[in-house]
Amino acid sequence: MNVKGTDVVVTGGAGAIGSRLVRRVLQLGASSVVVVDDLSSGYEWLLPADARLRLINADVCDLQTLELGVRAPLVFHLAAFFANQNSVDHPADDLHTNGLGTLNTLRWAVDVEARRLVYASAGCSIAGHGIDAPIAEDMPVSLDLDTPYQITKALGEFYCNYFSPQVSTVRCRFFNSYGPGEVPGYYRNVIPNFVWRALHDQTLTITGTGEETRDFIFVDDLVDGLLAAATVDAAHRQAINLGTGLQTKVIDLAQQIIAAVGSRSTIDYVPRRSWDHSLRRQADISRAQSVLRFAPRTNIAEGIRRTVEWFRQERERLESLVSTDEFVTETRT
């Protein structure tokens with residue numbers, strides 16, 4: 001994970017994953033870090049104060065018009081229009097950011113002779129739904145995807161392969177990331193919404209039966225995988241799952257969060273959303289283990305504890321940002 005003396009560019013770097021990645025590369029000695037983020041879903045306050053860090057508030061689609069002042073950078077393309085339900089409600093915006101944004105980022109990476117571009121893809125974007133076994137990277141590409149988000153994340157992978165003769169690319173397929181830095185809200189993921197509601201002793205709403213499973217990976221473990229993907233030669237042009245290889249039931253997740261918070265919250269159930277056909281999701285991480293020497297270190301109990309701790313530390317700030325209205329509890333990957 002040698003990034004010492006390297007210029008690093010992180011699109012979407014003011015988000016939960018991006019901001020943790022930015023902190024890590026600064027700790028590892030990057031010479032400069034440029035974050036390109038329009039702050040539509042990220043926050044400047046998540047970023048550390050460091051003279052080597054520069055935030056450019058801009059649409060990632062405009063990357064080729066910006067002067068970033070970097071040379072042969074490592075590029076982490078995390079900027080995205082998320083999540084599944086948001087893309088169903090706003091498919092044109094999803095295509096703009098996830099489609100055109102990725103195309104323009106790759107074109108820019110070629111222009112600046114980037115050392116490597118690591119693309120944030122999604123574990124649900126290639127193989128489709130209805131898979132009970134762990135999802136492996138070499139499963140056939142499905143045309144039966146459920147949301148515009150899944151479609152445009154797959155499109156980004158095609159663009160990465162198309163540009164790979166000109167710039168080294170790695171496609172990291174994220175499973176359900178969670179942890180400090182993720183602000184709850186209507187289109188946000190299940191864990192921050194559950195934690196926030198538990199802190200307010202409000203009902204935790206599960207879409208479905210609660211027996212559905214997801215592969216939840218703690219954000220700092222995901223950052224480890226991203227850094228390895230950027231610096232391991234053998235990762236070039238590969239698709240690599242970043243998950244834990246474990247399944248957690250949503251009902252178990254809810255109960256663990258209530259216990260960790262010490263909440264009086266109850267649990268309610270509503271029908272599964274029309275597009276959500278995946279009852280189980282689990283990453284096959286054997287490729288990440290062999291190519292990247294990737295080994296997630298944070299179990300779900302410890303990850304929830306650290307997430308709740310962050311929410312308590314930032315509660316006053318979050319209270320000013322978050323509506324107490326009913327949330328949609330996304331289980332996006």
Running Debye on the chain with equal point scatterers at the Cα sites and no solvent, what base-10 log of I(q)/I(0) appears at q = 0.07, 0.11 Å⁻¹? -0.25, -0.65
Cβ-Cβ cut-off under 10 Å around residue 167, Lys and Arg +1, Asp and Glu -1: the net charge is +1
I want the local charge near residue 288. Using Cβ-Cβ distances under 14 Å, sum +1 for each Lys or Arg and -1 for each Asp or Glu among the other residues. -1
Principal axes of the stretch 164-293: Cα extent on each, largest first, Å: 53, 28, 24
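Which whole-number percent is the relative contact order of the chain (Cα, under 8 Å, 6+ apart)?
Working: 715 pairs, mean separation 63.1, N = 333.
Over the chain, the number comes to 19 percent.
Counting other Cβ atoms within 10 Å, which trypsin sites (Lys or Arg not before Pro) in the stretch 71-120 have at most 13 and lie in a DSSP loop? Please list the in-between numbers first.
Values: sites: 71, 107, 115, 116; in loops: 71, 115.
Sparse-neighbourhood loop trypsin sites (Lys or Arg not before Pro): 71.
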Under a 10 Å cutoff between Cα atoms, tell me which one of 199, 66, 246 has the largest fluctuation in the Gaussian network model of the chain. 66
Starting from the amide H of residue 173, placed 1.01 Å from N in the peptide plane, find each other amide H under 5 Å away whose residue is 5 or more places distant or on another chain. 121, 240, 241, 242
Please list the equivalent ellipsoid semi-axes of the stretch 44-107, computed as the square roots of five times the alpha-carbon gyration tensor eigenvalues, in descending order and whole angstrom. 25, 16, 9
With θ set to phi - 60°, apply the Karplus curve 6.51 cos²θ - 1.76 cosθ + 1.60 along the stretch 246-261 and write out the HN-Hα couplings as whole Hz, x wherever there is a Gly or Pro. 10, 10, 10, 6, 5, 5, 5, 4, 4, 5, 5, 5, 4, 5, 5, 7
Got a sec? What order do 280, 293, 273 fall in by accessible area at 1.4 Å, biggest, i.e. largest, first? 293, 280, 273
Share of Cα-Cα pairs in the stretch 16-58 beyond 16 Å, in percent? 27
Given chymotrypsin sites (Phe, Trp or Tyr not before Pro), DSSP loops and at most 16 other Cβ atoms within 10 Å, the longest exposed-site-free stretch of the chain is 187-333
Put one equal scatterer on each alpha carbon of the stretch 201-267, apply the Debye formula with no solvent term, and list log10 I(q)/I(0) at q = 0.21 1/Å to two decimals. -0.89
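What does the charge count around residue 253 come to, taking other residues whose C-beta lies under 12 Å from its C-beta (Lys +1, Arg +1, Asp -1, Glu -1)? Intermediate values should be presented prior to the final figure.
On the way: positive: 214, 249; negative: 211, 212, 215, 252.
Charge balance near residue 253 sits at -2.
The values are calculated or read from the model by the stated rules, or taken from the named source; none is laboratory data. Since the structure is predicted, the reported quantities are computational estimates derived from the model, not experimental observations. Neighbour counts are summed over all protein chains in view; Cβ atoms, including those assigned to glycine, are modelled from backbone coordinates with ideal geometry. Ligands, DNA and RNA are stripped out before the accessible areas are found, and what is left, the full protein with its side chains, is counted by its heavy atoms. Shrake-Rupley method; radii C 1.70, N 1.55, O 1.52, S 1.80 Å.
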